[in-house]
Structure formats: structure tokens, C-alpha cells
Amino acid sequence: MSEPTVPEPHYRTIIEPHRIKVVEPIRMTTRAERTALLGRAGFNLFTLAADDVLIDLLTDSGTAAMSAEQWAAVVRADESYAGSRSFFRFEAAVKDIFGHQHVIPTHQGRAAERILFGCTVRPGQVVPSNNHFDTTRANIEFAGAEAVDLVIAEGRVPSSQHPFKGNMDVARLEALLAARKADVPLVMLTVTNNSGGGQPVALENIRAVSALCRRVGVPFFLDACRFAENAFFIHQREPAERGRPVGEIAREMLRLADGCTMSAKKDGMANTGGFIVTDDDALAQRMRNLLILTEGFPTYGGMAGRDLEAIAQGLYEALDPDYLTYRARSTAYLGERLLAAGVPIVEPPGGHAIYIDAAQLCPHIPPPQFPGQAVVCGLYRTGGIRSVEIGSVMFGGGQNSSAAAARLELVRLAIPRRVYTQSHIDYVVEAAVELFAQRNKLRGLRMVYEPPVLRHFTARFEEI
Ligand SMILES: Cc1ncc(COP(=O)(O)O)c(C=O)c1O
């Protein structure tokens, strides 16, 4: 594999390092149509049909465009129930990159979490991380334990320019382990830190967490969904690692942990899939026993042979330096253009998404009227863009109260891998800037239907 791209010094434009072989039409809609669709959807974009969306930035998970090599592998796949050749190819790729002895396939990331925590966590225990992702937290709580976030203070400040806002606060972790070591079945670290804005974790920080866990004797697991993006940020931003090959950084990072959970829907460049890795023979045995109950036989674990093939190829493509240069640059490009137009975002731009600070964008809408959701609806009405609120709709309320506010009111624009071109992103910027100019006209929302759990998926609203 070639090593990091040094763009031609006199060219500012970093091109998409791929060309298009198959196209998927986008259905064009008018503002009047979108206004009607928004009303019918109860101002909740999760309930829209995808065909009614022009640019879909709802998530980067499972939405990647696969390469010609991945499609070729899909056709070559072996769909045998047991001992499929595709499993061995998948296992070899995961072992090569992740460096752990046991590879346990699951249908997606949360299934990996459910199985790992089901075999390690007991009621009353505590599992620390920088920031737990929603499904990680939910699976820990389902096992009766407490999920604790110990990200550094800068990681909670949208305007902080710290290069590694996903870092674990090692001093707080040490204090927790000193006080409650017997209650900590494992320590997690999410790379990159999705719930904290897609911000990376420094290699130095991963080394420190690893050394502390080994000294204390507590297993250390990575939530490795965006391991390649994290390795690239280390390569770019960490002075001691600058210029070191990204694949080498990723391999060191993944080996510093005792194991990982992985959603292959992110840096597996696949549309579904996941896995767990570990070197612990007894734990692997327990997890395989549970796997058979809920996911499937240990050589497919809830995936088809074709998914195993797509991931085996995709993991290498995610580490390609030209791809990573384009990935980081194109996400940063969206962030920089929004900032230049005055649109407030979480800084610096993360790896997979840009987060608009809705509280700052529309201070006239108080948290109980959901400023983030107002921006989400505004972006759809203006440009047919689907984004997601990460604020008081998602994290506020509870106990049938819509009054409690979240800590931040954000709108996430997640970038699917290899799907959109620069002109799509220019269009997003144009629509967002138009919305920004008319931000005073945005109206708050009233929640008229609140489901009992995970309300953001199916809640319905009216405009105030
Ligand atoms: C950091 C992180 N962990 C875990 C998951 C869960 O993965 P999946 O959606 O494949 O279940 C996600 C998904 O978005 C994630 O971003």
C-alpha cells in the first residue's frame, strides 16, 4: 500500500481518490413539496422516506459506497453455514489489522457490545470510557452496571481547539480504579469519540490508559468503529507520530488494548457487520457460546458470507492514506466553509461529521422548544438535507417530561463514506448559509407525541 499522500504543493484541491462506476439517482423535490412532507412526518426526519431526501447526512453508519473490489469479493463469497472460506478471509484480515487471536463475528456493533458485556459485566459494577456511545451505554445499563464518561474537560467545550478532544482523563480514571477497582470489569475507550463530536484520542493517551489498566490488572477494550480515522488524526496532529505510516499507528493502537468491539458499518466500509476481538481464551469461549444463541454459528455470527468478504476488503481500504486524506479533508472542508459564513460549529472538525451548535445559531428558541430540531427541519425545508438533532430531543426529557434540557443543542451532519462529491457538499453549504441568514424566522417545536423509550426516533412535533 502506498504511504501518505503529499498533495502537489501548488494544487489546493484534494480530489476524491476514486471515480464513479455505478450511480444512484437523487429524486429532486421542491421547497413546497418538502414543507408538506415535513408536516406529514410530524417534523421528525427519521420518519421520512429516504427517496424524499436530496442529501442524506443522517448517519455515516452502514451508508458507505462499496468499491469495485468489494463487489467482486461479494460475488466470490462462500455462503456455507460452517467453515466458509469467506470467514477465513475475514478472520485473516481482522487478525492482521487488529492483532488479536480470537475473532468473533456479529451482525453489527451493538451485538458485539451485548455479547461482550453479557459475558463480563455484573449488576452494580461500573464501566468507564471517554464517552460511551448510546448503544454501549444502553448495553452496560442493560447488564445492570453503570456507564461512566471520563473525557477530558476540553472535550465538553464546543469551541475548544484541543487536537485530541476525545482523550480520556487519565487522572480521573486512576482515581476511579483506586476507589472501586473490584467493581470495574473492564475499561472502554471510543475511537474516535462519536458522542463527543467525532474527536480523536491521542496515541499517547491510549498508551497511558493501556499502561494504567495493565498495572492495575483490569482489561482494556477499544470501541474501534472509527479506528482508521483516529489513526489518521494521530498521524496528522500528534507531534511524536507525525509522518508515521497510518497502518502502523492503527496496528499499535489496536494492540494496546486487550480487545475491541467493532461496528464494520463505519471503518469496515461495509453496509452491515461487526465483530469482537480478544486474546482471552476463556472469555472467547463464553462469548462464542452466547453468540450461537443469538447471532449464529461462530464462522458467520449473523452475517452472510458476502458481508464477511466486503469487510475483509473494506478494512484495508479504510486504511488507504489517499482515502483518509480525502476523508479528513472533505469533512474539514464542510466545517471550514460553514465557519467562514459565520455558522457556529463544534471545533475542530471531527472525522465523520460536522456538528452545528444550534443553541448559538438560534438563541431565540429555548431548549424546551428544541432549537436543534428547528435547525434540522429548517435544513430539510431549505435544501432537502437530512441531518439529526443531538440535543434536548435525544437526551432531554425522560419520565414523560419534555422540560429537561440536554447539555448541548447540536445538529449532526454525518458524511457517508465515498458517497457524496464536493459539489454535493457545496450545495449543503449553500443551503445552510441561506438558513443561517434567515435564522430569526426559525420556529421552536412542541412535542405532541412522546414514545416511552428512545423518543427521538418516533416522536412527533408541531411548530409553535
Ligand atoms: C462509537 C460507536 N459505537 C458503537 C456503535 C454501534 O454500532 P452499530 O450501529 O453497528 O450497532 C456506533 C454506531 O453508530 C458508534 O458510533
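Things to note:
- Of the residues making up the stretch 40-86, those that are farther than 24 Å from Ala374 by Cα, open to solvent by less than 10 Å² (accessible area, probe 1.4 Å) and assigned to a helix (DSSP H, G or I) are Gln70, Ala73, Ser86.
- Filtering Pro158, Pro185, Pro163 for residues that are at pLDDT below 95 and of a type outside the set (A, V, I, L, M, F, W, C) leaves a single hit, Pro158.
- Here is the figure for the stretch 433-464: residues that are of a type in the set (A, V, I, L, M), under 22 Å from Gly39 (Cβ atoms) and either crowded, with 16+ Cβ neighbours inside 10 Å or modelled with pLDDT of 95 or more (or both) total 6.
- Subset of the stretch 94-124 that is part of a helix (DSSP H, G or I) and more than 18 Å from Ala257 (Cβ to Cβ) - its residue that is nearest to the ligand (Cβ to nearest atom): Arg110
- Here the stretch 55-88 is the region considered, the condition is being more than 16 Å from the ligand (Cβ to nearest atom) and β-branched (Val, Ile, Thr), and the residue that is farthest from the chain's Cα centre (by Cα) is Val75.
- For first residues located in the stretch 145-173 and without any contact (Cβ under 8 Å) to a residue 24 or more places away in the chain and more than 20 Å from Thr135 (Cα to Cα), partners that are part of a loop (DSSP other than H, G, I, E, B) and among the acidic types (Asp, Glu) and lie 6+ apart or on another chain with Cβ distances below 7 Å form the pairs Ile152/Asp169.
- The criterion of at least 3 residues that are among the polar types (S, T, N, Q) is met, among helices (runs of 4 or more DSSP H) falling completely within the stretch 319-389, by 321-340.
- Residue check: Tyr300 meets all listed conditions (1) under 16 Å from the mean Cα position of the chain (by Cα); (2) surrounded by 22 or more Cβ atoms within 10 Å (Cβ to Cβ); (3) hydroxyl-bearing (Ser, Thr, Tyr) but one, namely (1).
- All positions within the stretch 156-182 that are farther than 21 Å from Ala211 by Cβ and touching a Gly at 6+ places or on another chain (Cβ under 7 Å): Lys165
- The criterion of at least 1 residues that are of a type in the set (Gly, Ala, Ser) and closer than 23 Å to His100 by Cα is met, among helices (runs of 4 or more DSSP H) falling completely within the stretch 125-232, by 203-216.
The values are calculated or read from the model by the stated rules, or taken from the named source; none is laboratory data. Only a predicted model underlies this, so the values are computations on that prediction, with no experimental measurement involved. With ideal geometry, Cβ positions are generated from the backbone for all residues, glycine too; neighbour counts draw on all protein chains shown. The accessibility values were calculated without ligands, DNA or RNA, using every heavy atom of the protein model including side chains. Shrake-Rupley method; radii C 1.70, N 1.55, O 1.52, S 1.80 Å.
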